[in-house]
Every structure is written in structure tokens, then in C-alpha cells.
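Student: Got a structure for you, written out below as C-alpha cells; questions coming shortly.
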Amino acid sequence: MSDPQRIQVGGVTLACELVGSGPTDLVFLHEGLGSIELWRQFPAAVVRATGLSGVVYDRRGHGRSGPAVEARTVRYLHDAALDELDEVLRVVGVDHPVLIGHSDGATIALIHASRRPVRGLVLIAPHVYVESAATAGIERTDRNAAALIARLGRYHEHARALYTSWRDIWMAAEFADWNIEAEIEGLEVPTLLVQGTDDEYGTLDQLDRIERAVSGTCERFVIEGAGHSPHLSHTDEVAERVARFVGAL
């Protein structure tokens, strides 16, 4: 990846990188505790396989971007999808992108596509409602919060605030009924769903619900034994499957 650029979005400075030298069609949206660096080699692998370029950025409060200016609410994923992402795309000059999202990033991609034009969606471990597997996984994670925050500090300038805001909103009573199935009903965007069978934060019911809701072409790539980040444990396989999907758009 190139050195991070700095872009101004909603009064916050975001870190942003361009991967590759082909046409810029791909936009990568990281997970709830993710960042540019925590994508590892996956964006580069997808760029090699597709011959396209990709934009990777740290959302506010993540990575090397500026801190979040407000506490998260039940609308935080909508804010990231319809305000922040809109402005990022405008600043970097990408129209009709292929959105490649992981976990929270996959949900952000879905919400964005329900309101804005996109060419395709690659959704890795997406969530469209709060299921018990997610809250149970967060409870397990929180037992070792201090050690995790220390590790996250290598990648995030605001690691403790990021972790706390992520945990608190997902465990909040007002978030328990969060669900976007009605919003994506009838979505016609070509979609690739990717998930591991041993995902610590979700089950394949998330994919089932997306398939029932959307009306466009929808493929699924389920990886036996993979956890919540199949693109990291099976980078080449996922990148090649993404390249086939993108090539058919």
C-alpha cells in the first residue's frame, strides 16, 4: 500500500490509501475494530486478481483517522453509510463503486447500496440484525478487554475509546432490536456473500436473511472452519472468488 493520504470528511481528518494502479472501482470498508492496516494483504490480493484499484480508509475513530466527535447511537452504521461514505466517495472521485465490506463494513455497504447507486457488493461476515451469537461473542471478547485494547493500540490512535464505543453500542438495550432487513428488501445490486462456518460473531442465518430480502443476483461463498475473518485466513481463495464476481459485473 502507499503512504496514507489525509482527507477531510465532516470536519474530521481521515486516513485513506489507494491500492493498485488500474481503474479505481473498489472501496474497502473495514470491520468494527478494523483499520487500513488490519486488512493485512487482502486489498492487495483483490487488486492483483481483478486488475482494478481500491480505496481503503479508516473511519472516524479508527486507525490513523481523527477521533469520533460524538458518541455512537443506534444509527451509527447509517451515519457511516449515508454521511461519511458519501463524502469519502465524493472526495476520492469514485462513482458507482464495488463495495467490499467486512462485518460492520459489510452492513455499511448494504445500507449505502439501499439508497445510493453501486455496481456490486461483496459482504464478508455481514450482519443485518442483532443475534445472540454476536452478543455472546462480544461478551467473550470483553473478558480479555485490557489485552485486546493493548494490541489494538498498535493500529489505532484512539484504541480504548474505539473498543469501548464498539462494545457499549452492541450490548446496549436500545440496540437489541436493530434490524435492516426491511431497508434492503428488493435490493437489486449483484451481491457476493462470504462467511466462515465457525464465525465467532454470527451465523449463516445472516446470509439467509440477506438472500431472502434482496431481489438481485446473490451468490454465497461459505468457508468450512473459517472464523469471523475468512479473508485473512483464506486470503487467496476469497480474493479469487471476489475477482470472478467482479469480472462478471
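We did not get these values from a lab; they are worked out from the coordinates using the rules stated. Not measured: the values here are computed from a predicted model. Reconstructed Cβ throughout: ideal geometry from the backbone, glycine too, with neighbour counts over all protein chains shown.
Student: With no solvent and one point per C-alpha, what does the Debye sum give as log10 I(q)/I(0) for the stretch 5-247 at q = 0.09, 0.10, 0.12 Å⁻¹?
Tutor: Treating every Cα as an identical point scatterer, log10 I(q)/I(0) equals -0.33, -0.42, -0.62.
Student: A further question follows. Which whole-number percent gives the relative contact order of the chain, counting Cα pairs below 8 Å spaced six or more residues apart?
Tutor: Numbers: 496 pairs, mean separation 50.1, N = 249.
Reported as a whole number, the value is 20 percent.
Student: What residues qualify as long-range amide H neighbours of Arg220, i.e. H under 5 Å apart, gap of 5 or more or another chain, H built at 1.01 Å from N?
Tutor: Under 5 Å from the amide H of Arg220 lie the amide H atoms of Leu193, each far enough along the sequence or on another chain.
Student: Now for a separate question. Which of Thr217, Thr191 comes first, and how do the rest follow, when ranked by fewest Cβ neighbours within 10 Å? Provide the component values of the computation, followed by the final result.
Tutor: Details: Thr217 14, Thr191 26.
In order of increasing Cβ crowding within 10 Å: Thr217, Thr191.
Student: Which of rounded, prolate or oblate describes the stretch 73-178 when judged by the alpha-carbon gyration tensor and an a/c cut-off of 1.5? List each step's numbers first, then the result.
Tutor: Values: a/c = 2.16, a/b = 1.55, b/c = 1.39.
The shape class here is prolate.
Student: Can you divide the C-alpha Rg of the stretch 132-231 by 2.2 N^0.38 Å and report the result to two decimal places?
Tutor: 1.26
Student: Continuing with the same structure: So what's the net charge close to Glu185: Lys and Arg +1, Asp and Glu -1, counting the other residues with Cβ under 15 Å from its Cβ? Each step should come with its number before you reach the end.
Tutor: Details: positive: Arg115, Arg209, Arg212; negative: Glu181, Glu183, Glu188, Asp208, Glu211.
Net local charge, Glu185 excluded: -2.
Student: Another question about this same structure. Rounded to whole Å, give me the distance from the Cα center of the stretch 70-108 to that of the stretch 150-201.
Tutor: 13
Student: Within 11 Å, Cβ to Cβ, of Asp86, how many net charges do the neighbouring residues add up to if Lys/Arg are +1 and Asp/Glu are -1? If you can, show how the numbers build up before the last one.
Tutor: Working: positive: Arg90, Arg115, Arg116; negative: Asp79, Asp83, Glu84, Glu87.
Every neighbour counted, the sum reads -1.
Student: Could you tell me which trypsin sites (Lys or Arg not before Pro) in the stretch 1-90 are loop residues by DSSP with no more than 16 other beta carbons within 10 angstrom of their beta carbon? Walk me through the numbers on the way to the answer.
Tutor: Values: sites: Arg6, Arg40, Arg48, Arg59, Arg60, Arg64, Arg72, Arg75, Arg90; in loops: Arg40, Arg59, Arg60, Arg64, Arg72, Arg75.
Within the stretch 1-90, the qualifying trypsin sites (Lys or Arg not before Pro) (loop, at most 16 other Cβ atoms within 10 Å) are Arg40, Arg75.
Student: Taking 8 Å as the Cα distance limit and 6 or more residues as the minimum spacing, I'd like the relative contact order of the stretch 89-186 as a percentage.
Tutor: In percent, rounded to a whole number, it is 27.
Student: With +1 on each Lys and Arg Cβ and -1 on each Asp and Glu Cβ, and nothing else charged, work out how big the dipole of the chain is about its Cα centre, in Debye to the nearest 20. Numbers along the way, then the final one.
Tutor: Values: 23 positive and 36 negative charges, 130 e Å.
Dipole magnitude for the chain comes out near 620 debye.
Student: Continuing with the same structure: Calculate how many DSSP beta bridges within the chain are antiparallel, expressed in % of all such bridges and rounded to the nearest 5.
Tutor: On the way: 10 of 33 bridges.
Antiparallel bridges make up about 30 percent of those DSSP assigns within the chain.
Student: Another question, then. With no solvent and one equal point scatterer placed on each C-alpha of the stretch 1-60, evaluate the Debye formula and give log10 I(q)/I(0) for q = 0.17 Å⁻¹, two decimals.
Tutor: So the normalised log intensities work out to -0.53.
Student: Moving on to the next point. Report the calculated FRET efficiency for Ala133 and Arg160 (r = Cβ-Cβ distance, R0 = 35 Å), to the nearest 0.05.
Tutor: Taking R0 as 35 Å, the efficiency between Ala133 and Arg160 is 0.85.
Student: Tell me the mean residue ellipticity at 222 nm calculated for the chain from its helices only (DSSP H runs of n ≥ 4, each -39500 (n - 2.57), averaged over every residue, nearest 500). Before the final figure, lay out each step's value.
Tutor: Values: 11 runs with 95 residues, N = 249.
Mean residue ellipticity at 222 nm (helix-derived): -10500 deg cm²/dmol.
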